[in-house]
Amino acid sequence: MSTELVLSYGDGRVRVVFQHAPVWREGSPEGMGPPHGLKLFRATVSREATRDEPPSFKSEQANVPTAGNPSFYRPVPPFKWFAKWAGTSWTWGESRGDEGWQIEDMEEADAWHGRPRGDTPNVWSMRLPGGILIQCPRMFSSATAPSEDDGLTAVMAETMRVAWLPEDDRLIRVEASVMAMDRPILDDSDGVEQVVGFYPPLLTTLRTDMLQKVGELENVSLLERQRELEQLDTVDELLIPESDLPTSSGL
């Protein structure tokens, strides 16, 4: 399964492709029967621009991007993400259709760009030069995957996200929730009903945000925030073995 998310700003854009591959539960013969999940195995990030030459550190040093256009290779300190952001948001949902609204004061729970490691151990993430943050699920579980108590795994929509600071006072984000491996294809031609496959993945919600910095956060210690992030990193390292990290290309 491949999921592509794109953000554009000025004369440039960031294109991210997440790829998930079939996996079987430990002890099950690989390739025998439907997989028990889809596991992240590759993330590709492309920096693209309508310029005389492809974006690179060298080309941006020779021709500094003008205001209103992104600088892909500038250093972006972590505290740049923590600010008061305001702007517009547009969402699409399978049941509710298109909706747009104004964001005047972003709630802490909605500021996921300030939590680079994500909110659960199932999140794989990477922060890249030029103010790019990517997040996606490590695993999509199958509706037929047995749980520890021999029941069936509950399937939930998983969210993939990309946030970008093309300039220090601009923040654009996109997040897509995808449901995968939740609708099995059944076959009873032999008189015994069995799962032979799954229907294609389904996009359940999509959201994009165009935000501008309108001030600094009040009564918030950046040092305290950084310590909290370091504690989350430590917890993630204990929960997720290093061998489970996917490879990345195109970075």
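The values are calculated or read from the model by the stated rules, or taken from the named source; none is laboratory data. These numbers come from a predicted model, not from an experiment. Using ideal geometry, Cβ is built from the backbone for each residue, glycine included, and neighbour counts are taken over all protein chains shown.
The residues in the stretch 98-114 that are under 18 Å from the mean Cα position of the chain (by Cα) and surrounded by 11 or more Cβ atoms within 10 Å (Cβ to Cβ) can be counted, and the count is 5.
Checking residue 82 against (1) surrounded by 18 or more Cβ atoms within 10 Å (Cβ to Cβ); (2) under 27 Å from residue 108 (Cβ atoms), which test does it fail? For residue 82, the exception is condition (1). Looking only at residues of the stretch 46-60 that are hydroxyl-bearing (Ser, Thr, Tyr) and within 18 Å of residue 15 (Cα to Cα), we find that the one that is nearest to the chain's Cα centre (by Cα) is 46. Each residue in the stretch 115-141 was checked for being at pLDDT below 90 and either surrounded by 21 or more Cβ atoms within 10 Å (Cβ to Cβ) or closer than 11 Å to residue 43 by Cα (or both), and 2 pass. Quick check on residue 67: is it farther than 30 Å from residue 197 by Cα, in contact (Cβ under 8 Å) with a residue 40 or more places away in the chain and more than 24 Å from the chain's Cα centre (by Cα)? Answer is yes for this residue. For the stretch 56-108, a residue qualifies if it is hydrophobic (A, V, I, L, M, F, W, C) and in a loop (DSSP other than H, G, I, E, B), and the qualifying residues are 64, 67, 72, 76, 82, 83, 106. Has the stretch 50-69 got any residue that is surrounded by 15 or more Cβ atoms within 10 Å (Cβ to Cβ) and either in contact with a Pro (Cβ under 7 Å, 6 or more places away or on another chain) or under 23 Å from residue 141 (Cβ atoms) (or both)? Looking for residues that are surrounded by 15 or more Cβ atoms within 10 Å (Cβ to Cβ) and either in contact with a Pro (Cβ under 7 Å, 6 or more places away or on another chain) or under 23 Å from residue 141 (Cβ atoms) (or both), one finds none in the stretch 50-69, hence no.
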